[in-house]
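Working notes, structure below.
The values are calculated or read from the model by the stated rules, or taken from the named source; none is laboratory data. Predicted model, so just to flag it, every value in this text is computed and none were measured. Cβ atoms come from the backbone with ideal geometry, glycine included; neighbour counts cover every protein chain shown. Surface areas here come from the heavy atoms of the whole protein model, side chains and all, with no ligands, DNA or RNA. Shrake-Rupley method; radii C 1.70, N 1.55, O 1.52, S 1.80 Å.
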Amino acid sequence: MPPVPDSDFTPRQNEVLASALRLVVDGGEKALTTSAVARAANCSKESLYRWFGDRDGLLAAIVAHQAAKVRVPSESAGALDLAEFRSRLATFAEDLLTVLAGDTSLALNRIAIAHASRHGAPLGRLLLERGRERIATRARTLLEAGRDQGHIDFQDATEAYRTLYGLIIRDAHGRWLLGQPPLEEDADFAGQARRAVDQFIALHPPLPRNNARQGRS
C-alpha cells in the first residue's frame, strides 16, 4: 500500500473517492472492489491502481479524503495574534463536529467498529492512522504555534489536544454512532466550537510574560 497524502487529490480523484465512499457506506468494506469503483466512477481499473495502489491503498485514500475536510489552518502560524488563533481553533472545531456528525463518517466508523475483531479488516486501523492521528498532528502544530506566540500554555501537546478534542466532541460522537441526531443544544456547531475554544484557552492560560522565558528554558 503506497503512502497517501492527506489532501492533494486532483478533482477527478476526489470524484472517484466520493464514489468509493458511497459504495462503502451503502455496502460496507466488501462492496469496495476495484471493479465496483471503476463502474461507479466511470474510470478504468488501471487508473485506480495508478492513483491509489491496491485495495488497502484505496481505503487509505478514502479515509484521507474524509480527514482533509477538517481544516486546520496553521499556515503562517508564526504571525498569529490572539483573535486569529481563536478563529483558527474555532474553524478546526466546527469542521471536526461537522465531519463527525455526517452520515459518511458515521457509517465508516460503524463499519470499523463492527469489524474491529476480524482479521483482514483494516478500516479501523486506517481511520486511526490516516484519519484521526493525521488530524491530531496538524492540530498539535496549531496549538504549539499558539503557545509559541504566548496565547496559551501547556506542557504536552498531545495531552492538550486531547483536552481540546474532549471539549469539542464531549459525548456527542458516541450518541451519534448509536443513532441519536444532534440535540437542539449542540446542533449549533459554530457556537459549540466557540464555546469549546473559550473553555480550552481558559484551562490553558499563557504564562505571565516575565515568567514565560524562564518557564521555557
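Here is a list of conditions, (1) closer than 29 Å to LEU32 by Cα; (2) more than 13 Å from the chain's Cα centre (by Cα), and ALA68 meets all of them except one; can you say which number that is?
Of everything listed in (1) closer than 29 Å to LEU32 by Cα; (2) more than 13 Å from the chain's Cα centre (by Cα), ALA68 misses just condition (2).
I'm trying to understand the selection: among the residues of segment 163-217, which are at pLDDT below 90 and on the phi > 0 side of the Ramachandran plot?
GLY179, the sole residue that qualifies.
Cβ-Cβ under 7 Å, sequence separation 6+ or interchain: first residue in segment 95-124 and assigned by TED's automatic domain parsing to the domain that holds PHE189, partner acidic (Asp, Glu). Which pairs?
ILE111/GLU29; HIS115/GLU29; ALA121/GLU29; PRO122/ASP56; LEU123/GLU29
Between residues in segment 161-179 that are assigned by TED's automatic domain parsing to the domain that holds THR141 and residues that are open to solvent by 40 Å² or more (accessible area, probe 1.4 Å) and of a type in the set (A, V, I, L, M), which pairs lie under 7 Å by C-beta distance while being six or more apart or on different chains?
THR163/LEU203
For a quick check of your reading of the model, give me the residue pairs whose first member lies in segment 11-39 and is modelled with pLDDT under 90, whose second is of a type in the set (S, T, N, Q) and open to solvent by 20 Å² or more (accessible area, probe 1.4 Å), with beta-carbon atoms closer than 7 Å and at least 6 apart or on different chains.
LEU21/THR104; VAL25/THR104
Give me the residue from segment 19-42 that is among the small types (Gly, Ala, Ser) and loosely packed, with under 15 Cβ neighbours inside 10 Å and, out of that set, farthest from ASN109 (Cα to Cα).
That would be SER35.
Need a quick list: helices (runs of 4 or more DSSP H) entirely within segment 53-156 having at least 3 residues that are buried (at least 20 other Cβ atoms within 10 Å of the Cβ) and modelled with pLDDT of 90 or more.
In segment 53-156, 82-101, 133-148 are the helices (runs of 4 or more DSSP H) which contain 3 or more residues that are buried (at least 20 other Cβ atoms within 10 Å of the Cβ) and modelled with pLDDT of 90 or more.
Only one of these conditions is not met by LEU48: (1) more than 21 Å from ALA139 (Cα to Cα); (2) within 22 Å of the chain's Cα centre (by Cα). Which number is it?
(2)
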